[in-house]
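Engineer: Provided herewith is a single structure, encoded as structure tokens, for subsequent inquiry.
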Amino acid sequence: MQNVTFELTGEFVALNDLLKLTGLVDSGGAGKVMVASGAVSVDGQRETRKTCKIRAGQTVSVDGVRIRVKAA
């Protein structure tokens with residue numbers, strides 16, 4: 001599994017935007033589709049809320065990629 005670290009500059013980032021910012025999808029809309037399909041998990045639990053707030057300390061997994069979110 002590939003590991004990616006994302007430095008969060010604010011309080012949170014929307015899940016679909018996180019997928020876009022890390023380059024896993026080309027747009028926020030594509031991120032929404034990916035989340036809606038059930039392919040994304042947050043802290044080991046399947047997540048289907050497209051704009052779920054992701055905060056520092058959480059881990060997002062999708063398609064063999066693990067994104068660790070940390071405070072900047």
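The values are calculated or read from the model by the stated rules, or taken from the named source; none is laboratory data. The shown structure was predicted, so the numbers you read here are calculated from the model rather than taken from an experiment. Glycine also receives a Cβ, built like all others from the backbone with ideal geometry; neighbour counts cover every protein chain displayed. Ligands, DNA and RNA are excluded from the accessible area calculation, which covers all protein heavy atoms including side chains. Shrake-Rupley method; radii C 1.70, N 1.55, O 1.52, S 1.80 Å.
Engineer: PHE6 versus (1) open to solvent by 90 Å² or more (accessible area, probe 1.4 Å); (2) in a strand (DSSP E or B); (3) hydrophobic (A, V, I, L, M, F, W, C): which is the lone unmet condition?
Structural biologist: (1)
A quick yes/no check of all residues on (1) within 10 Å of the chain's Cα centre (by Cα); (2) open to solvent by less than 30 Å² (accessible area, probe 1.4 Å); (3) in contact (Cβ under 8 Å) with a residue 24 or more places away in the chain:
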| site | (1), (2), (3) |
| --- | --- |
| GLN2 | no, no, yes |
| THR22 | yes, no, yes |
| ALA36 | no, no, no |
| GLN45 | no, no, no |
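Engineer: Are any residues in the stretch 50-72 assigned to a loop (DSSP other than H, G, I, E, B) and under 11 Å from the mean Cα position of the chain (by Cα), and if so, which ones? Show your work before the answer.
Structural biologist: Within the stretch 50-72, the first condition is being assigned to a loop (DSSP other than H, G, I, E, B), and the residues that meet it are 50-52, 55-58, 63-64, 72.
Residues satisfying the conditions are LYS50, THR51, CYS52, ARG55, GLN58.
Engineer: Return the residue satisfying two criteria in turn: it lies in the stretch 47-72 and is polar (S, T, N, Q) and more than 16 Å from LYS20 (Cβ to Cβ), and of such residues it is surrounded by the fewest Cβ atoms within 10 Å (Cβ to Cβ). Outline the logic, then answer.
Structural biologist: Initially, the stretch 47-72 is screened for residues polar (S, T, N, Q), giving 48, 51, 58-59, 61.
This time we only want the ones that are more than 16 Å from LYS20 (Cβ to Cβ), so: 48, 58-59, 61.
Details: THR48: 12, GLN58: 20, THR59: 14, SER61: 17.
Across the stretch 47-72, the extreme among qualifying residues is THR48.
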